[in-house]
Amino acid sequence: MAAIIPVSFVGAETGTYRVLRMNAVVGEALAPVKAVTSHAVHLPPSALPGAAWVLRGTNSAVRYVERTETEALRAVQPTLGRPQCTHAALIPIRKSDAWWNLSQDERREIFETRSQHIASCLKYLPAIARRLHHGRELGEPFDFLTWFEYSAEHAQLFEELVQLLRTTEEWKYVDWEVDIRLIKNELASS
Ligand code: HEM
């Protein structure tokens, strides 16, 4: 079994990534911040007096991916932290009770058979590196903290991917989504 990797995304005045823009796609906005930093540990908000918010998650076993998809993903998915990936996106997402009340089979049917989340997204690899963190089991406000890294030249491509996913049947079950676009701080102009 893969090691458990905890993560805390901290929104504050300063940090590793500077916020280019942040907006609520559906549901409430998060308090506006100038910067976001990720820490590979679970931090209580009290540990960070300057933080406007702290979102926690952890990696987890996959729920929907089948063997052939795992192999297809492994063949093209890049690692995080590539030097050319100056841009990043943190997109916290919550799905509705209607989603969580479905059976596993029904969710897989919507996620892949009808929305083609994996098949469509595969085409955007290796340009986009990603990591999925789960927050629901931790009692966090967001079910998922999705994190992506890409180069400046692929920023438009990422936009296309996000817009595509938002038209799918799967996204009808997304009842809270905040889109935070970031750039590595040393590259951000003030
Ligand atoms: C960059 C290309 C992407 C690839 C290759 C990809 C791939 C995947 C895979 C394989 C899963 C299933 C994990 C599992 O079986 O548990 C997944 C889940 C998920 N992805 Fe993506 N994804 C991509 C982009 C995105 C984007 C842009 C978003 C958000 C805007 C997103 C949001 C999610 C969410 C919320 C889940 C969890 C779904 C659930 O468990 O209900 N993904 N993704």
Task: Gap separating the Cα centres of region 110-134 and region 2-18, nearest whole Å - done: 22
- [ ] May I ask you to derive the relative contact order of region 1-104, considering only C-alpha pairs under 8 Å and at least 6 residues apart, and to give it as an integer percent?
- [x] 29
Task: Charge sum, other residues only, whose C-beta stays under 11 Å from A24's C-beta, Lys/Arg counted +1 and Asp/Glu -1 - done: -3
Open item on the list: Between helix 155-166 and the chain, what is the angle of the helix's C-alpha long axis to the longest principal axis, kept within 0 to 90° and rounded to the nearest 10?
Closed with: 50
- [ ] Can you work out the accessible area per residue across region 16-153, with the rest of the protein chains kept in place, probe 1.4 Å, in square angstrom?
- [x] 53
Open item on the list: If you roll a 1.4 angstrom probe over the protein chains with everything in place, what fraction of the accessible area of region 11-84 belongs to carbon and sulfur, to the nearest %?
Closed with: 56
TODO: Grab the other residues whose beta carbon is less than 14 angstrom from that of R114, score K and R as +1, D and E as -1, and report the net.
DONE: -3
- [ ] On a 0 to 90° scale, report how tilted helix 67-76 is relative to the longest principal axis of the chain, with both axes built from alpha carbons and the result rounded to the nearest 10.
- [x] 40
Task: Protein accessible area in region 119-159, 1.4 Å probe - carbon and sulfur % - done: 54
Task: Relative contact order (%) - the chain, alpha-carbon pairs under 8 angstrom, separation at least six - done: 33
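The values are calculated or read from the model by the stated rules, or taken from the named source; none is laboratory data. On a predicted model such as this, the values are computed, not experimentally measured, just so you know. Neighbour counts run over all protein chains shown; Cβ positions are idealised from the backbone, glycine included. Side chains are part of the model used for accessible areas, which takes the heavy atoms of the whole protein and leaves out ligands, DNA and RNA. Shrake-Rupley method; radii C 1.70, N 1.55, O 1.52, S 1.80 Å.
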